[in-house]
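Report on the structure given below.
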Amino acid sequence: MTEQIQLGEISVDVQRKEIKNIHLSVHPPTGRVTISAPNHYKTDVIRVFAVSKLAWIKNHQKKILSQDRENAREYLERESHYLWGKRYLLSIEYVEAPPKVALTHQKIILQVRPDTPASKRQDVLEDWYRETLKTEMPDLISKWEKRMNVQVARFYVQRMKTKWGSCTPARKSIRLNTELVKKPKPCLEYLVVHEMAHLIESTHNERFIDLMDHFMPQWQFIRDVLNDLPVRHEHWRY
């Protein structure tokens, strides 16, 4: 069960778990603050801990919120779009045929009917991104199932505003943000390993960190690369 404590204008989501130590996290892209605490910790103890880390929280929130944002997309000719970390120019072809997306060395070609509005052009391109990410997932999951000796029963890809991914250990399912398809492929692989590690250890405790260090020694570097990349333009609500 999650509860919330307030530190001035900063809200902190607190979740008690079967863990030995308390863990504090500030999450991109919104600077959301969470604390995982052992079940026996009282709220006052957690609050004192959070207050002691207030300067650290504010510094990390400032860094996250100053992160570069992508420009709002209008889905126009020669607009920049990204796939696996590479920049492509959007080329729009108006034809009397069902919508389609094709990829060349330098362009993403979006084929739509004449007078298709920007919102529909966006839908077509985002559907293509989603399917591209879905296509990449089975081989990647299979690779790490063998290495980690775990099994993923099901995976999902969807638009997520506050997380790059999530895991439901009880269902052996993982969920990934569709925006990962625009980032370098090592970022996707890091997230797959991260979420699959939660099938072994559900929390971000020392055991989880040891698992990540074992399976992907460079994971913290890749995580920092991902979190430093520009994030999707959104009208964020805090």
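The values are calculated or read from the model by the stated rules, or taken from the named source; none is laboratory data. Note that the structure is predicted; figures quoted are calculated from it, not measured. Ideal geometry is used to build each Cβ from the backbone, glycine not excepted, and the neighbour counts take in all protein chains shown. Accessible surface is based on the protein model in full, side chains and every heavy atom, while ligands, DNA and RNA are left aside. Shrake-Rupley method; radii C 1.70, N 1.55, O 1.52, S 1.80 Å.
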Count of region 177-190 residues which are open to solvent by less than 50 Å² (accessible area, probe 1.4 Å) and assigned to a helix (DSSP H, G or I) = 9
Would you mention how many residues in region 6-64 are free of Cβ contacts under 8 Å to residues at least 40 places away in the same chain, under 17 Å from Thr203 (Cα atoms), assigned to a strand (DSSP E or B) and out of contact with any helix residue (DSSP H, G or I) (no Cβ under 8 Å at 6 or more places or on another chain)?
-> 5
Quick one: is Glu74 among the acidic types (Asp, Glu) and open to solvent by 80 Å² or more (accessible area, probe 1.4 Å)?
-> yes
Is there a residue being surrounded by 11 or more Cβ atoms within 10 Å (Cβ to Cβ) and either of a type in the set (Ser, Thr, Tyr) or part of a helix (DSSP H, G or I) (or both) anywhere in region 95-109?
-> no
Consider Lys143 carefully, then state whether it is in contact (Cβ under 8 Å) with a residue 12 or more places away in the chain and either among the basic types (Lys, Arg) or touching a Gly at 6+ places or on another chain (Cβ under 6 Å) (or both).
-> no
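So, of the residues in region 132-176 that are part of a loop (DSSP other than H, G, I, E, B) and among the hydrophobic types (A, V, I, L, M, F, W, C), which turns out to be nearest to the chain's Cα centre (by Cα)?
We begin by selecting, within region 132-176, every residue part of a loop (DSSP other than H, G, I, E, B); these are 149-153, 159-164, 172.
From what is left, the residues that are among the hydrophobic types (A, V, I, L, M, F, W, C) are 150, 152-153, 160, 164.
Values: Val150: 22, Val152: 18, Ala153: 20, Met160: 7, Trp164: 1 Å.
Ranking the qualifying residues of region 132-176, first place goes to Trp164.
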For Lys134, state whether it is surrounded by fewer than 17 Cβ atoms within 10 Å (Cβ to Cβ) and under 21 Å from Arg87 (Cβ atoms).
-> no
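Glu77: over 25 Å from Leu188 (Cα atoms), over 23 Å from the mean Cα position of the chain (by Cα) and in a loop (DSSP other than H, G, I, E, B), yes or no? Talk me through it step by step, then tell me what you get.
On the way: over 25 Å from Leu188 (Cα atoms): yes; over 23 Å from the mean Cα position of the chain (by Cα): yes; in a loop (DSSP other than H, G, I, E, B): yes.
Spelling it out, Glu77 is indeed over 25 Å from Leu188 (Cα atoms), over 23 Å from the mean Cα position of the chain (by Cα) and in a loop (DSSP other than H, G, I, E, B).
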Is at least one residue of region 191-200 assigned to a loop (DSSP other than H, G, I, E, B), farther than 18 Å from Ser36 by Cβ and open to solvent by less than 30 Å² (accessible area, probe 1.4 Å)?
-> no
Enumeration of residues in region 33-54 that are out of contact with any Leu (no Cβ under 9 Å at 6 or more places or on another chain) and open to solvent by less than 70 Å² (accessible area, probe 1.4 Å) | Ala37, Pro38, Tyr41, Thr43, Ile46
